[in-house]
Each structure stands twice: as C-alpha cells, then as structure tokens.
Amino acid sequence: MPITLKDLADICNARIKGGDPSTLIESAADISAAKTAQVTQLTNTRYAQYIKNSSASACFIAEGFVLDTAPESMALLISADPEMSFIKAVELLHPGQIYHPAISPQAILDINVTLGDKLYIGPYAVIGENASIGDNSEILAGAYIGKNARIGKNCRIYPYAVIYDNVVVGDNVIIHSGAVIGADGFGYKFRNHQHVKVPQVGNVVIEDNVEIGANTCVDRGALGSTVIGAGSKIDNLVQIGHNNKIGNHVILCGQVGVSGSCHIEDYAVLAGSVGIADHVTIGQGAVVMARSGVAGNISAGAHVFGSPAKDKRTAYKEQVAISKLPELLKKVKQLEEKIHALEKKAS
C-alpha cells in the first residue's frame, strides 16, 4: 500500500530530514538491497557501508546517529526507536492476509461447539465436541481442534496445526502450521523386559500473546498441565516435554529440546539446538547459548555455554585451550625427543 513519506513519518513517530515529503513509499527492504520507493533502516554502524550507494528513498535512523554518507536523494527518518518505527512501516506497507468472518461449508463442527463473534473457520477445519472458539479468531484450512479445547480471542491457528483434546489457548495466540499441541508425553516404565506406557491424562495451557512456530510439539502433562507463559515466543522445530512450566516472555529458538518437568523462568532465552535434561530449573533472565547441553540448574541472569553448560567465560577459555592442544602436543613430543637424546648421550 503506497504512502507518502510525510504520512509514513507521522504514523511511525519519526521526523524527516532531507528528501521530498511527497515521495511515495511502496515497500520496505533490507539496507543492502533497498531501491527507489522503498524504505529501510540503519541501526548499526556495521551496515553503514551500504548507505553510500543505496538508492532507497528513505531510511530510519536513531536520534543522534551520525551519518555523513547518505545520498542527497535519501530522506532520513529520525526516530527515538528506529527499530520499532521500521516495524510499524513494514506492517503498514505489507499488510498481512485478512480473513473476513465466515464459516466454510466444508468445515466440520461436532456437537455443542461454542463459537464467538466474527470468526473465520476455513475449509476442512475440524472442531471437536464441546470445543469453544473466542471472538475474532481464525482457524485456517485443515486445522484440527480437539474435544473440550478452548481457543481464546484474536487467535490464529494456521493450516494443519493439531490441538488435542482439553488444550486451553489464551487470547492473541498464533500457532503455526504443523505444530502439535497436547500429544502424549514421553513416559514409560521398564517392567518384564518391556516399556510400559505411563498414561498421560493432563493437558496443555497456553497463556495470552504466545506464538508457537511450525512443526513445534508441546506435550500434555502426565497428570497436571504443561504451561506456556504469557508473551513467550517459541521458534520452529522445538520440543517441549510433559509437565514443563515455561514462564512469561521466554524465548525458545529453533531445535531446542526441553525434557519433562523443567521450569524455565521468566525472560530466559534458550538459543538454537539447546538441550535441557529433565527436572531442571533455568533461572529468570538466564541465557543458554546455542548448542549447549544443560544437566543441572542454571541461576537467574547467568549466561552459559557448552556441554555440560557452564559460565560462558569459563567455557570460552576452555575452548581456546582446546584449540591449542595440537600445538601443545607437538611441543611435548619435541621435548620428549630432546630428553630421549640427552638420556642416550648421558648413557
């Protein structure tokens, strides 16, 4: 949706420096690729090299950001928070898909389903017995909502997401395609030379403003609830085991695996491919760096790395030491040869 530079600046809480306020902005782009009629952002001096030869019509920068290399044709949009201003611009220039309220005749609704106002339910979506869907929510084509499940207001469930029986989803939740919410937890007892399944009769509770990525799995509790706290964001291909308690505003990046009965406290961050053993607590605001393995509790605010995970400074020193091992072994071998020669000479 094209918009004048002036209107864009007003909406995004920015002031214009240079350029023509009547210039039409048609889309947003990365700073390394932006062209005429596009707006971009520059929030890190590492990327300033792209500005000099850029043909972008406008660029968001922060108050006090010194930029002497911008072309004369480029308008600078000066903002107290250029990243948030740019997000507003992207949302305005690239509006998301709108689903007008409707229930497809191909949708399957079981008995005693409770539907809110202004819903969209797509073709071949299945809504189970006694389920409820809140106002303004969207259940896209082929999604499955199980018996007694509750979906809050303003949610979007993408195609082929599967939400098992008794799952509770809060308001403003996004669940992407292929996600499975509420499958059985992985619980077995070994008896008589075989693995006996432990019944998994709990559920999953997802609080408000959560986003769950594609092909992510959240297992139901064995007896109680697996809980995803308000505002938490979960990437694609994440596994969350049964009975976990994920706090508020937690970030779980791609390919994270969390074993059962863990507690991930508020604002913690688990980077890509992190593995967490069962019954572990990750403290508030802690950061577990990529590809780390956590076997014990992590204190609040800690930054850890490695497998087993430890304070990142200690882990980095160990990595540096390990990188020097080939050279050290070579020197040891040389010393051994010299000692051997001296001993031979002495004898």
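Here, each number is a calculation from the coordinates, and none is a lab measurement. Since this is a predicted model, take the numbers as computed values, not measurements. Positions of Cβ are backbone-derived with ideal geometry, glycine not excepted, and every protein chain shown enters the neighbour counts.
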Cα gyration tensor shape for segment 184-238, rounded if a/c is under 1.5, else prolate or oblate: oblate
Average Cα contact separation per residue, segment 3-93, under 8 Å, 6 or more apart, as relative contact order %: 32 percent
Relative packing of peptides 226-236, 273-283 - highest average C-beta neighbours within 10 Å first: 226-236, 273-283
Mean ellipticity per residue at 222 nm, deg cm²/dmol - from DSSP H runs of n ≥ 4 across the chain, formula -39500 (n - 2.57): -5000 deg cm²/dmol
Pairwise Cα inverse-distance average, inverted: Kirkwood Rh of the chain (Å): 24.0 Å
Inter-part distance where segment 133-175 and segment 48-81 are each reduced to a Cα centre, Å: 42 Å
Length-normalised contact order for the chain - Cα pairs under 8 Å, 6+ apart - percent: 6 percent
Relative packing of 17-24, 49-56, which averages over residues the other C-beta atoms within 10 Å, highest first: 49-56, 17-24
Simple spin-label estimate for Asp10 and Lys344 in nanometres, 7 Å along Cα-Cβ: 9.1 nm
Global geometry of segment 210-264, whether rounded, prolate or oblate, following the gyration tensor of its Cα atoms and the 1.5 cut on a/c: oblate
Beta bridges per DSSP with both ends in the chain, % antiparallel, nearest 5: 15 percent
